[in-house]
Structures are given as structure tokens and as C-alpha cells.
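Peer 1: Take a look at the following structure, please.
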Ligand SMILES: NC(=O)c1ccc[n+]([C@@H]2O[C@H](COP(=O)([O-])OP(=O)(O)OC[C@H]3O[C@@H](n4cnc5c(N)ncnc54)[C@H](O)[C@@H]3O)[C@@H](O)[C@H]2O)c1
């Protein structure tokens, strides 16, 4: 798909980090961009800076997504691109043993469900509802392409570490749904792909102690640094532009393969 001012896109999680960077890359190419995020202050600021629009949307709520889609489509037109970046992290073991008392505790189910709801179900809701809208548009030449959906998983979809059972479940689900979704939407000319980032310099890592960051650096092969969000945005744009990438995933991780801990 050629990226230009004829194209509208929605980026979820667009107020921060990878989503914000992706929104900026698309806007630089002339694309009209709508942002979905829970962080309204930051979302409005980014939207203002890139000439886009912002909707306060909780991606895990179908009603909230419907409202956001109505609002953004009225402002910039039906999107041909949906990029799912909204997500949360979190760490908890399947079963934990309290250090001081030795008490054994199963994983908090509410916590597990929250991560699945936002990361996995949120990505699914946005993808499905966006595809339904894309199907109302005519196909573009020369291949009859109507749209493209990209969701953000994580290397934890494949190399989940100790404590990542909930996060990895959510990201593994995102990875697994791309191929059947691409097959479901093939006749409509809508492509579906996934990006698996390693470690990117975003607010997710702001709280991290330098020693922990240093230990993560040890897993990076080349280049030996965290990724810059703009590098993720450029990859997302490339996956939008290249019509032959479909039902596919790309790891962007400086060659890192994560060990158990
Ligand atoms: N940064 C990394 O290194 C890295 C690595 C692997 C995967 N990821 C994934 O990339 C995505 C973006 O991460 P990031 O590093 O940019 O994080 P971030 O915290 O900077 O951005 C995430 C954004 O999602 C928004 N959000 C959270 N819950 C939401 C909800 N229910 N509805 C709408 N918006 C919501 C937040 O407000 C925030 O603006 C996440 O899915 C994350 O799991 C990031």
C-alpha cells in the first residue's frame, strides 16, 4: 500500500512509545492518523503535533472501540491501516512462594485476565472491527488491496521468561491469530501481520533499574543497545507498504534470544 495523504490509519497505544513513534512515521509520509489511547493528555498532545485526531478508547471494550472508530472515521475517513500497539506489561509466576512465610499462592486470576483482555482481546477487537470497516472500501490497484492490520506481540510470544506466563499468553495469542485472520480476510484484500519487538527504549522501561537494563543488554547481539521507537515505526510502515508480506511475523530484537530468566 502506498502511504500518502489518501490513506487513513489508526494506531492504538498511540500516545506513547512504539505507537506514538509509528503514528509519527505514518504522519511524516502524509497519512492521516487517528490515535486510540487511555492517556488523553498525552494522546491529544501527540495528535496535535502530527495533525491527527485522538479518541480516548479502552481497546479491551468493544463499545469503547466502536465509539472511537465512529469518531475517528468521521474526522479522517475510513482507515485502511490499523496498527495495534496498546498494551501493558506485568510479571507474576504461575505459583509463587512468599519469601518470609513460605505461603504458596496461585497466580492471581484477575491479574492474568486483565493482561489478556487488554493485550490480546483488545488487539482482536480493533482488528476485527477495523477489517469490517475496510471491507466497505473499494480495492486499490494493482492487487486489489483494501487494507492492512499489524499487531504488536513481543519476543515473549516465543521466548517467555520466568514470570511472563500471562504476558506471553497474551502475546502468543496475538502471534497465533495473525495467520487465520489473514486467511479469513484474504478474499477481501486485507493483510494481517505481527511484529515481535525485543527491547525498545519506551516508557515501559523507564522505571527499570540500571542493573536490570544492563542484564538485558547482555542478550543483545548486534547492535548492543535498546531499539529506538522510530525503528519500530519504520518497520511497521514497511510492512504496510510491502503488499507481499502477509500472515507473517517479524522479530525486531538485535538478535536476542531470551533464556529462562
Ligand atoms: N517497549 C518494548 O521494548 C516492547 C517489547 C515488546 C513488546 N512491546 C509491546 O509493544 C506495545 C507498546 O509498548 P510500549 O513500549 O510502546 O509501551 P507504552 O507504555 O509506552 O505504550 C503503551 C500505550 O498503550 C496504552 N494503553 C494501555 N492500556 C490501554 C487500553 N486498555 N486501551 C488503550 N490504550 C491502552 C497506554 O496508555 C500507553 O500509551 C505493547 O503492547 C508492549 O507489550 C514493547
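Peer 1: Rank by packing, highest mean first: peptides 4-11, 188-195, 253-260, with packing defined as the count of other Cβ atoms within 10 Å averaged across residues.
Peer 2: 188-195, 4-11, 253-260
Peer 1: Over all distinct alpha-carbon pairs, what is the Kirkwood Rh of region 76-140 in angstrom?
Peer 2: Computed over Cα pairs of region 76-140, the Kirkwood hydrodynamic radius comes out at 14.9 Å.
Peer 1: Write down Rg/Rh for region 196-261, rounded to two decimals, with Rg from the C-alpha atoms and Rh from the Kirkwood relation over Cα pairs.
Peer 2: 1.02
Peer 1: Follow-up question, since we're still on this one. For residue 105 and residue 242, FRET efficiency with R0 = 35 Å and r from the beta-carbon atoms, rounded to 0.05?
Peer 2: So, using R0 = 35 Å, E works out to roughly 0.15.
Peer 1: Can I ask one more? Below 8 Å, C-alpha to C-alpha, sequence gap of six or more: please give me the relative contact order for the chain in percent.
Peer 2: 20 percent
Peer 1: Could you compute Rg(Cα) / (2.2 N^0.38 Å) for the chain, with N its residue count?
Peer 2: 1.01
Peer 1: Based on DSSP, what percent of beta bridges with both residues in region 8-252 are antiparallel, to the nearest 5?
Peer 2: Taking every DSSP beta bridge with both residues in region 8-252, the antiparallel ones total about 10 percent.
Peer 1: Could you compute the FRET efficiency for residue 179 and residue 98, with r as their C-beta to C-beta distance and R0 at 51 Å, rounded to 0.05? Provide the component values of the computation, followed by the final result.
Peer 2: Working: r = 41 Å, r/R0 = 0.81.
The value I calculate is 0.80.
Peer 1: If the elastic network links every pair of Cα atoms under 10 Å, which of 147, 87, 102 fluctuates the most in the Gaussian network model of the chain?
Peer 2: Most flexible of the set in this elastic network: 102.
Peer 1: Further, regarding this structure: Specify the residue with the greatest mean-square fluctuation among 18, 69, 216, computed from a Gaussian network of the chain linking alpha-carbon atoms under 10 Å apart.
Peer 2: 216
Peer 1: Normalised by the number of residues in region 1-131, what is the relative contact order in percent for Cα pairs under 8 Å and 6+ residues apart?
Peer 2: For region 1-131, the relative contact order is 24 percent.
Peer 1: Let me ask something additional. In the Gaussian network model of the chain, springs joining C-alpha atoms below 10 Å, which of 166, 40, 236 carries the largest mean-square fluctuation?
Peer 2: 40
Peer 1: Would you compute, from DSSP H runs of 4+ residues alone, the mean residue ellipticity of the chain at 222 nm, taking -39500 (n - 2.57) per run and dividing by the full residue count, rounded to the nearest 500?
Peer 2: -12000 deg cm²/dmol
Peer 1: Okay, next question. Mind pulling the per residue volume of the convex hull built on the Cα atoms of region 9-62? Å³ is fine.
Peer 2: Working: hull volume 3.2 nm³, N = 54.
Per-residue hull volume (Cα only) is 60 Å³.
Peer 1: Using only Cα atoms, locate the centre of region 23-100 and the centre of region 170-202, then give the distance between them in Å, rounded to an integer.
Peer 2: Centre-to-centre distance over Cα atoms comes out at 17 Å.
Peer 1: Please report 212, 165, 57, 72 as a ranked list, fewest other C-beta atoms within 10 angstrom at the top and most at the bottom. Show your work: numbers first, answer last.
Peer 2: On the way: 212 11, 165 19, 57 30, 72 25.
The fewest-first ordering by Cβ neighbours comes to 212, 165, 72, 57.
Peer 1: Let me ask something else about it. If you project the alpha carbons of region 1-151 onto the principal axes, what extent comes out on each, in Å, largest first?
Peer 2: 64, 31, 25
Read the figures in this text as sums done on the coordinates, not as results from a lab. Bear in mind the structure is a predicted one, so any value in this text is a computation, not a measurement. Neighbour counts run over all protein chains shown; Cβ positions are idealised from the backbone, glycine included.
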